[in-house]
1. Any idea what angle helix 103-116 forms with the longest principal axis of the chain, computed on alpha-carbon atoms, 0 to 90 degrees, nearest 10?
2. I want to make sure I understand the PRE zone here: with the label point 7 angstrom from the Cα of residue 112 toward its beta carbon, which residues in the stretch 148-169 have backbone N atoms less than 13 Å away?
3. State, as an integer percentage, the relative contact order of the stretch 219-291 based on alpha-carbon contacts under 8 Å between residues 6 or more apart.
4. Pick from 145, 273, 207 the residue whose mean-square fluctuation is largest in a GNM of the chain, springs joining Cα atoms under 10 Å.
5. Fewest to most neighbouring Cβ within 10 Å: what's the order for 163, 99?
6. At 222 nm, what value in deg cm²/dmol follows for the chain if DSSP H runs of at least 4 each add -39500 (n - 2.57) and the sum is divided by all its residues, to the nearest 500?
7. Choose one answer from 160, 47, 267: the residue with the largest mean-square fluctuation in a GNM of the chain with alpha-carbon springs under 10 Å.
8. Can you compute the FRET efficiency between residue 98 and residue 221 using 1/(1 + (r/R0)^6), with r the Cβ-Cβ distance and R0 = 51 Å? Round to the nearest 0.05.
Ligand SMILES: Nc1ncnc2c1ncn2[C@@H]1O[C@H](COP(=O)(O)OP(=O)(O)OP(=O)(O)O)[C@@H](O)[C@H]1O
């Protein structure tokens, strides 16, 4: 388990990260979301130890993380750090060797990962001959090459096409089986699809955290009502509801005093209703609410 405890970082006068507590559990993918400048990269850099904390601690397996612990983590930094004039296979093998692999196993591991990312036939090409998306795949492979004990990935999906995202996810699920994975992203639909847990950061502070299901069930529910006929405008006359939107025969509303159990009967007493469905908030709505 990787965790941060009251992690704080000041840059001169400005507090970029302010008392962040978070837990990244083994075998779970934790999404780290927040607006631009919220402090995600700064937090991740402190988790990895490439940036010192002003105060607070990073723990690995329940005790303060050491340099050795952090060497065993896989990190994909925001500022990508590969060698443009090196071949793909040499590059990945080089990273594997830095982590103590023999020349033979480093090369085998490099080729294995390249194969998985559909880059096997480009193994001897130079990095800068690849498209940006493919360079990104190599960057992800570099974070995985030493079979890390934890993964900290700063926007690993940016710049990837949907096919590459799927390949990346398959790889993550295969390679990261039991390790804690923290990744930041602005692609909330993707975060919703793949994350078990979520940490929402705003202004350097954690404003919401929990499993994706927990957060969605805490959010304000709304209801989608489809009426017979062309216009659901009459729904506005109902007591104890707040109509958010009318779109022809479909109204979206929330409850403002009316008990949920009474909604269907109340609607039916006023007009013909074809469907009433409860709508749980999407991750984007939760995000907007938490970072308002
Ligand atoms: N080296 C630095 N020196 C001064 N200020 C910094 C430094 N690094 C980050 N900051 C400031 O800290 C704040 C948090 O930045 P950070 O990059 O951690 O946010 P972020 O959530 O990763 O944003 P983004 O989603 O845009 O990548 C910002 O106001 C940023 O300008």
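Where a number appears in this text, it was derived from the coordinates with a stated rule and is not lab data. These figures come from a predicted structure and were not determined experimentally. Cβ sites come from the backbone with ideal geometry, for glycine too, and all protein chains shown count toward neighbours.
1. With rounding to tens, the tilt is 30 degrees.
2. 148
3. Computed over the stretch 219-291, the figure is 41 percent.
4. Comparing 145, 273, 207 in a Gaussian network model of the chain, the most mobile one is 273.
5. 163, 99
6. Computed mean residue ellipticity for the chain: -9000 deg cm²/dmol.
7. In this elastic network of the chain, the residue with the biggest mean-square fluctuation among 160, 47, 267 is 267.
8. On the way: r = 50 Å, r/R0 = 0.99.
The value I calculate is 0.50.
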